[in-house]
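Just so you know, all these numbers are worked out from the coordinates, no wet-lab data involved. Note that the coordinates shown come from a computational prediction; the quantities given were computed from them, not determined experimentally. Cβ placement follows ideal geometry from the backbone for every residue including glycine, while neighbour counts extend to all protein chains displayed.
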Amino acid sequence: MIEKDDFLKKAFRRYYYENINKICAPQRLPEREIGYLTFYPEKMIRHVTLKNEGELKALLVHEAPKSVYYSTAYYDDPSAPINSRLWKGADLVFDIDLDHMPFKENHMTFIYICNSCNSFFADLNNKRCSLCGSEKITTANIPTKEGLEYGKDEIIRLIDILTEDFGIGKDKIKIYFSGKRGYHLTVENSLYEDVDQNFRLELSDYLTLNGFKLLNTILNRNVPINDLHQIFPLPHEKGWMGRLSKSFFEDIIGIKLENWDETYLRSLLQKYFSTITYKDLQLSLEKVIDKIKIRIDTNVTTDIHRIFRMPETLHGETGLLKKRITNIDTFHPLVDAIAFSQEPIKVYVDYAPRFELNEQIFGPYKKEEVILPEMAAVFLICMGLAKPLEFP
Amino acid sequence: MQILGEEDLIKYPFLEETRQYIAKLGLTLDDFTLNEFEKVIRRCELRLMSSKYPPELYTLDKDTDLLSFMLAVIIIKASQREDVIARFAFNEASRAEYFLKTERNKSILTYILRRLLNINIYEVDYAICNEYYEYAIHVKDYVKLSSSLKSLHWKIVNKIVSNGLVYLRRQELIRLARDKIFQEIFKRIKDAPTPIVPQKLQYLVDIVRNRPLPKRLHESSVLTEDPPCVKQILDKIKSGKNLSHYERFFITTFLLKKGKSTEEIVSLFSSSPDFNEKIAKYQVEHIAGLRGGRKRYNVPDCKTLFSQGLCYKDDSCNNISHPLNYKLKKGDKTLDRKRRFSKESI
Ligand code: SF4
Ligand SMILES: [Zn+2]
């Protein structure tokens, strides 16, 4: 029997060894704190400093870490204890994860694992294992192509706000597939680099529309609904007001906003408002707000000492890369982020639902030996769904 | 480039120009004991004692007015009472706010605001939903300036933000300026060395020093079993911060319901820098139903408080829907209300 971690560590090391030229250190590497997770014993090593890209490459090949992180902040001495180093600023970072999206059936495939009898299920009744009755259940999930496409929309809207509302140049923004369930966006070298936690909180509330009260300026005034069309914001307005209006026309009134002029839109509004009550309007606008807000993980954006997965490194829970995206429309996470080969490897799969990688469909499998291409084998082993039976 | 006139210095005596101007006069503290400075001393007394220093102009010459400001600063410092410094800074800031609000010449207003805030201020012309925006400042500057204002209104999510700028109405920018003036004066006095005041002026220091401490409710009766939202406001009062209108309303209804008298509540408010006994008394009695519509107001529920941004829910709140239902179980420790961030999380 081959140890799973032994297998993975060897595979990761081989990947880094063969692809070391693709590794490109984050900017200002010596000012960042580096952290990484080792395979065995599974341990987080923090407060590491690396002087240059060469040292980073050496670390990847030598340690073959399960995951590698870098601080989004810049410090005078990144290896000093957190309270005694000087914080010099930090990239703005955003994490968009399917976990934070409204749940849709086809976005993720869930797997429930009973830790008592080691059985696997596609769904679960009453939070209990249907074989042994145990409640010690862990879940795993595999994002689907549809789910990952859906997340892209969030990134596109986030970029729009950062550039339009905050004036951040597109050239300062980098986007990535996270290697698992979502996307990362970082802003480097912007004038927001030195902003403190309070600003980052405000920014994250802005994006998630947390505490949004501007609806009151549209609704809570003494304007009768029949006159509301005169002051209702139009799609060209600045900031959220424009976005809110745009979505209102497109999703609630149901028109395509192509060539519009003000008089036309106001007359549409007048007609529409004559058929509804204030309460209806409020409900519609609340729906709009829910649709247009950006679902970032606010903990990531507001933490000024966070360490973040390093680009072009392997994700220890999938064996996929955190991959830079240059063209989001043509980017296919489950193709472009694949690190491992098509070499066939024999594995024992405990359980795997149907899944897709590199446009090939695999599974479902249940308690069987399967020969899989290395990329799929590593993927299932990383997820804890399969065990290796041989080394490549 | 605007040149500040005499009148502007009298309106905004905390500007750097005042210091330069006074330095040129070459006076020492002892000089103030001379009879010719009698007028300065009278003016200074006014500044120190009235809660609203009369904003009228032209009643005196520039020297007297500016010197009275400088002298007041020295006396306040010598009193070594922080609440007095805060009250003085607040009064001076409110006085400046009054002048800013009534400034007719927009280019002077803009110039003064730029000088006061020391940031780029853009004049814009933008209207939406019947609101008119005249100014825009960078969002980074905005967040810094507004950080002490707790109402949701000031969050950037409730502002028009475009291309890195926050759009502001005239009144909003003036309000931010007031806060900045308050902080600057407060800090300047706090950081200054304590002066030695000549014997003849010592009585001014004594007046300030002996001003009664703001009365507080018997602490233990209030502080032990109040819900987080109430504690938050009481803390604010204790540290001499101003309450928003709604905070005042809520705490008044709450304390009335808990059996506090209107007098007790008014004296609780007396430590706020913007305290005005007459107004506070009227408001509290109004809420208690003793005046006006004779309607006794109810304590708002958690949902309303939440929507006003005043809910600081923690575990001890136990899913209650009304702060009056709050009961702190024995042994419960209230948790840190602030959002916490682990320093070493991934
Ligand atoms: S839950 Fe209710 S009682 Fe608790 S802090 Fe919020 S408003 Fe106050
Ligand atoms: Zn089981």
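Using 0.36 nm per residue, how much length does the chain from B:GLN171 to B:ASN35 gain when fully extended, once their Cα-Cα distance is taken away? Working shown, then result.
On the way: separation 136, 0.36 × 136 = 48.96 nm, distance 4.24 nm.
Once the chain is fully extended between B:GLN171 and B:ASN35, it gains 44.7 nm.
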Review point. With point charges of +1 on the Cβ of Lys and Arg and -1 on the Cβ of Asp and Glu, referenced to the Cα centre of the protein assembly as shown, which listed residue (B:TYR203, A:PRO333, A:GLN360) lies farthest in the positive direction of the dipole?
Key: B:TYR203
Exercise for review: Classify region A:214-292 as rounded, prolate or oblate, taking a ≥ b ≥ c as the square roots of the eigenvalues of its Cα gyration tensor: rounded when a/c is under 1.5, otherwise prolate if a/b is larger than b/c and oblate if not.
Suggested key: rounded
Study note, to complete from the structure: Label model pair B:TYR246, A:ASN83: point-to-point distance (7 angstrom along the Cα→beta-carbon line) in nm is 3.7
**Study point:** Cα long-axis angle, helix B:228-238 against chain B (0 to 90 degrees, to the nearest 10)
**Key:** 20
Check your understanding: Scattering from the C-alpha atoms of the protein assembly as shown alone, worked out with Debye: what is log10 I(q)/I(0) at q = 0.11 1/Å?
Key -> -1.32
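Once a ≥ b ≥ c are taken as the square roots of the eigenvalues of the Cα gyration tensor of region B:77-230, is the result rounded (a/c under 1.5), prolate (a/b larger than b/c) or oblate (a/b not larger than b/c)?
Numbers: a/c = 2.75, a/b = 1.50, b/c = 1.84.
In terms of gyration-tensor shape, oblate.
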Study note, to complete from the structure: Cys residues of the protein assembly as shown with no disulfide-compatible partner (no other Cys Cβ under 4.7 Å) are A:CYS24, A:CYS382, B:CYS44, B:CYS129, B:CYS229, B:CYS302, B:CYS311, B:CYS317
**Study point:** Highest-MSF residue in chain A out of A:ASN189, A:ASN126, A:ASN115 [GNM, Cα springs under 10 Å]
**Key:** A:ASN126
**Study point:** 16 Å Cα-Cα reach of A:LYS172 towards lysines, excluding residues that sit fewer than 8 places from it in its own chain
**Key:** none
Point to revise | Euclidean distance of C-alpha centroids, region B:299-318 and region A:295-311, integer Å | key: 28
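Rounded to the nearest 500 deg cm²/dmol, what is the calculated helix-only ellipticity per residue at 222 nm for chain A, with -39500 (n - 2.57) per DSSP H run of length n ≥ 4? Kindly include the intermediate steps, with their values, before the conclusion.
Details: 11 runs with 117 residues, N = 392.
My calculation for chain A gives -9000 deg cm²/dmol from helical runs alone.
Which chymotrypsin sites (Phe, Trp or Tyr not before Pro) does region A:58-118 hold that lie in a coil by DSSP with at most 12 other beta carbons within 10 Å?
Details: sites: A:TYR69, A:TYR70, A:TYR74, A:TYR75, A:TRP87, A:PHE94, A:PHE103, A:PHE110, A:TYR112; in loops: A:PHE103.
Answer in residue order: A:PHE103.
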Point to revise | Positive-end residue, chain B charge dipole about Cα centroid, Cβ charges, pick of B:ASN276, B:THR33, B:CYS229 | key: B:CYS229
**Study point:** Among B:LYS281, B:LYS150, B:LYS258, residue whose mean-square fluctuation peaks in a GNM of chain B (springs only between Cα atoms under 10 Å)
**Key:** B:LYS258
Revision key, fill the gap. Here, B:ASP191 and B:THR28, labelled 7 Å along Cα→Cβ, have an inter-label distance in nm of 2.7
Point to revise | Positive minus negative residues near A:ILE168 (Lys, Arg vs Asp, Glu; Cβ under 13 Å) | key: -3
**Study point:** For B:LEU165, distant residues with modelled amide H under 5 Å away
**Key:** B:VAL139
Practice item. Enumerate the aspartates and glutamates that B:LYS260 could reach by cross-link, defined here as Cα to Cα under 20 Å, with residues fewer than 8 away along the same chain left out. Key: B:GLU219, B:GLU225, B:ASP226, B:ASP235, B:GLU247, B:GLU277, B:GLU285, B:ASP301
Check your understanding: What is the distance, in nm, between label points placed 7 Å from the Cα along the Cα-to-Cβ direction at A:ASN198 and at B:LYS327?
Key -> 3.9
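Once you order the gyration tensor axes a ≥ b ≥ c over the Cα atoms, which shape class does region A:40-183 get: rounded for a/c under 1.5, otherwise prolate or oblate by comparing a/b with b/c? Each step should come with its number before you reach the end.
Details: a/c = 2.58, a/b = 1.38, b/c = 1.87.
Oblate.
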Revision key, fill the gap. Interchain or sequence-distant (5+) residues whose placed amide H lies within less than 5 Å of the amide H of A:LYS88 are A:TYR74, A:TYR75, A:ASP76
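Measure up A:LYS127/A:LYS366; A:LYS246/B:LYS159; A:LYS145/B:LYS159; B:LYS231/B:LYS278 against 27 Å on the Cα-Cα distance and list the ones that go over.
Working: A:LYS127/A:LYS366 21 Å; A:LYS246/B:LYS159 18 Å; A:LYS145/B:LYS159 37 Å; B:LYS231/B:LYS278 25 Å.
A:LYS145/B:LYS159, as the Cα separations exceed 27 Å there.
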Exercise for review: Give a residue-ordered list of calculated ³J(HN,Hα) values for region B:304-310 (Karplus: 6.51 cos²θ - 1.76 cosθ + 1.60, θ = phi - 60°; whole Hz; x for Gly, Pro).
Suggested key: 5, 4, 4, 5, 8, x, 10
Study note, to complete from the structure: For B:LYS101, the lysines lying under 18 Å Cα to Cα, once residues fewer than eight places off in the same chain are dropped, come out as B:LYS11, B:LYS52, B:LYS180
Exercise for review: Would you kindly derive the ³J(HN,Hα) couplings of region B:109-120 from the backbone phi angles with the Karplus curve 6.51 cos²θ - 1.76 cosθ + 1.60 (θ = phi - 60°), listing them in order in whole Hz, with x for Gly and Pro?
Suggested key: 4, 4, 4, 5, 4, 4, 4, 5, 8, 6, 9, 6
Check your understanding: Amide H of A:ALA386: which non-local residues (sequence gap of 5 or more, or other chain) have their own amide H closer than 5 Å, using H built in the peptide plane?
Key -> A:ASP350, A:ILE381
Revision key, fill the gap. Karplus ³J(HN,Hα) for region B:183-199 (6.51 cos²θ - 1.76 cosθ + 1.60, θ = phi - 60°; Hz, whole; x = Gly/Pro) runs 4, 5, 5, 4, 5, 4, 5, 4, 7, 6, x, 6, x, 9, 8, x, 3
Review point. Anyone know which of B:GLY240, B:GLY289, B:GLY26 comes out most mobile in the 10 Å Cα GNM of chain B?
Key: B:GLY26
Check your understanding: Of the lysine pairs in region A:286-365, how many meet both conditions: Cα atoms under 28 Å apart, and a spacing of 8 or more in sequence or different chains?
Key -> 6
